[in-house]
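The values are calculated or read from the model by the stated rules, or taken from the named source; none is laboratory data. In this text, all values refer to a predicted model and were calculated from it rather than measured experimentally. In this analysis, Cβ positions are derived from the backbone assuming ideal geometry, glycine residues included, and neighbour counts consider all displayed protein chains.
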Amino acid sequence: MKRKLVFLSTLLLLSGMVMAQRGDSTMFEGLNLTEAQKNQMQTLKADHKNRMQAARETVMAETQTKMAEFLSAEQMQQYQAHKQEKMERMNKMKQKRHNRGDKKSKRSKDSSD
């Protein structure tokens with residue numbers, strides 16, 4: 001039960017951060033920002049991204065520590081293996097999406113020539 005709670009709370013935190021970042025770009029459309037404001041916005045967004053990354057890493061480290069308190073060494077090892085497998089699958093999916101984008105870009109470039 002505790003594992004599910006830790007997992008779900010981590011998942012909720014991460015999904016909320018992703019949604020916040022996606023919605024951010026549309027919030028500023030139509031504001032007619034000056035170049036200076038656009039530059040300030042980019043700086044602010046970069047700072048926000050860095051702080052969120054640091055917070056995510058802190059939360060994930062705390063979660064790992066708390067999990068180690070109630071999981072056996074074997075369970076932690078299994079968890080780490082599952083986590084690594086998941087990361088590898090996610091990276092493969094990202095690569096596939098990236099490759100599809102390259103193909104689409106090349107097709108549109110070829111058709112405009």
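Assorted remarks:
- Matching residues, the range 46-103, being within 14 Å of Phe7 (Cα to Cα) and of a type in the set (D, E, K, R): Arg56, Glu62, Lys66, Lys83, Lys86
- A count restricted to the range 21-61 and to residues that are at pLDDT below 80 and surrounded by fewer than 12 Cβ atoms within 10 Å (Cβ to Cβ) stands at 6.
- Scanning the range 66-89 turns up one or more residues that are part of a helix (DSSP H, G or I), aliphatic (A, V, I, L, M), more than 14 Å from the chain's Cα centre (by Cα) and surrounded by fewer than 10 Cβ atoms within 10 Å (Cβ to Cβ).
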